[in-house]
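Worksheet for the structure shown next.
The numbers here are math on the coordinates, done by the rules we state, and not lab data. Since we're looking at a predicted model, the values are computed, not measured. Neighbour counts are summed over all protein chains in view; Cβ atoms, including those assigned to glycine, are modelled from backbone coordinates with ideal geometry.
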Amino acid sequence: MEFSRADYMNDDSDYNSPYIFKGSSSATTSQRRSIQRIAGYDFKTEACQKVDEFPAHIIREGDKKIKDVVKEHVLPFLPAKSLMKFKAVSKDWDKWIASPLLIHQQSFSCQSFSGYIYQNMSEWDMNTMFLSLDPSTIGVPSPALDFLPEVVKILSSCSGLLLCQGSEKYYVCNPATQDWKTLPPPRYYHGDEPAIVLAFEPSLRNIEAYYHVICAFPMLDQPIIGFEIYSSESNTWSCSSAYCSDLENSCLVGGSLFMKGVAYFETKSNEVLAFDVKEEIPAIMSLPAQVGRHGSLTQMDGELSYVTAFNECENVFLIDIYQGMEMSLKRSVSINLGPERGLTYACKVLPCVNSDAVAIQVREHIYLYHIREQKVESIASPNAIGPAKRFLPYINSLANATFS
């Protein structure tokens, strides 16, 4: 409905005045008639009086069915395996689950720790497998990386994506969806066992969820660490102008981690090399002297942590948790793995993400100790895995590895 200026503007009024009416006495008959027309106008009814004209892709709140609510507000929080099953519900659900918007929402909303991608590091041609925390709802094909064009080593994982190294190339892939991308060759030599981390942080603000790969490498056999960064947005590698020369031991080892914009690299000394990806600023974090090289960097309740485990006696293990930028001891707890559970064997701490749990490997067994519940859970049966394995924490996500 349109109104002419004559309907609401007095002919004698000042056109430049910010107000139409100075007082009730100055209101003309025409103005009062216009006010009555506006007061009697039902904007809601008039705008939607023809249901057939309502946009087909929008469902009014009052007309929503339970399946529509589930589709919009539940599916983004489910792991990828469950979503793949729900594609069979209907053509509409199949189309929605495959849409870039749902993939974007799910990769941001579903950040639960799903299990481990693991690989035997002593044999190059060993299959890469997936160990699920909940096989009924979380899973990937097994072997996990048969869709890649060559046998690869697993290097780093982040928010559902996996970084792998072939004979001469790097690959970023999603084991759940089998999407993968070959990265262009870097400018510098990274070596057979590179200190490298995949950085991927989905955000609701931007559907274009780009990722980075950061490699920390020694420069010309000197005690200086340089940084080479790959960006999926530009699909290129660039060398940072920042470098680090203050490490006690410039030899970096595996165990890289990325969280909250910072890449962390473990070293052979009691130090952790940190690198702010956006600002390209390196820093060094010191670990307590008693920690040694018997722990693992991990993410616990959204905070950077370093966790160690030690077999005190028989089946009793001591767990120490260090947190904060100063890596001070926050918690120390003894747990009992029960009879016949790795009585005299050394243990290894495995990294976790988005969890309050501590994962310990004792020979063929892996145990999760839940801090809040004070409960021990076995997630691997005997002989399922061997001691010479690399474990990467994994999130069952629909994140797109080919986005660039």
| request: Lys and Arg at +1, Asp and Glu at -1: add these up for the other residues within a Cβ distance under 9 Å of residue 166 and post the number. | output: 0
| remark: Protection proxy (average C-beta count within 10 Å per residue), highest first, orders 127-134, 112-119 as 112-119, 127-134
| field | Cross-link pairs beyond the 24 Å C-alpha cut-off, checked among 95/169; 87/153; 268/348; 268/389; 71/278 | value | 95/169; 87/153; 71/278
| Separation of the stretch 245-296 and the stretch 185-215 by C-alpha centroid, Å? | 17 Å
| Residue by residue, what Karplus-based ³J(HN,Hα) values in Hz, rounded to whole numbers, does the stretch 306-314 have, using 6.51, -1.76 and 1.60 with θ = phi - 60° and x for Gly and Pro? | 10, 10, 10, 9, 9, 7, 5, 6, 6
| Applying 1/(1 + (r/R0)^6) with R0 = 45 Å to the Cβ-Cβ distance of residue 90 and residue 276, what FRET efficiency is obtained, to the nearest 0.05? | 0.50
| query | So, counting K/R as plus one and D/E as minus one, what does the shell of residues with Cβ under 14 Å around residue 75 add up to? | reply | +2
| query | What order do you get for 137-144, 328-335, 179-186 when each peptide is scored by the mean count of other beta carbon atoms within 10 Å, highest first? | reply | 137-144, 179-186, 328-335
| field | Total charge dipole magnitude, the stretch 72-154, about the Cα centre, Cβ charges on Lys, Arg, Asp, Glu only, Debye to nearest 20 | value | 280 debye
| query | Mean separation of Cα pairs under 8 Å and 6+ residues apart, divided by the residue count of the stretch 99-179: what relative contact order is that in percent? | reply | 20 percent
| query | Amide H of residue 300: which non-local residues (sequence gap of 5 or more, or other chain) have their own amide H closer than 5 Å, using H built in the peptide plane? | reply | 305
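If you add up the charges near residue 397, with Lys and Arg at +1 and Asp and Glu at -1, over every other residue whose beta carbon is less than 14 angstrom from its beta carbon, what do you get? Present the calculation step by step, with values, prior to reporting the outcome.
Numbers: positive: 81; negative: 179, 201.
Summing Lys and Arg as +1 and Asp and Glu as -1 gives -1.
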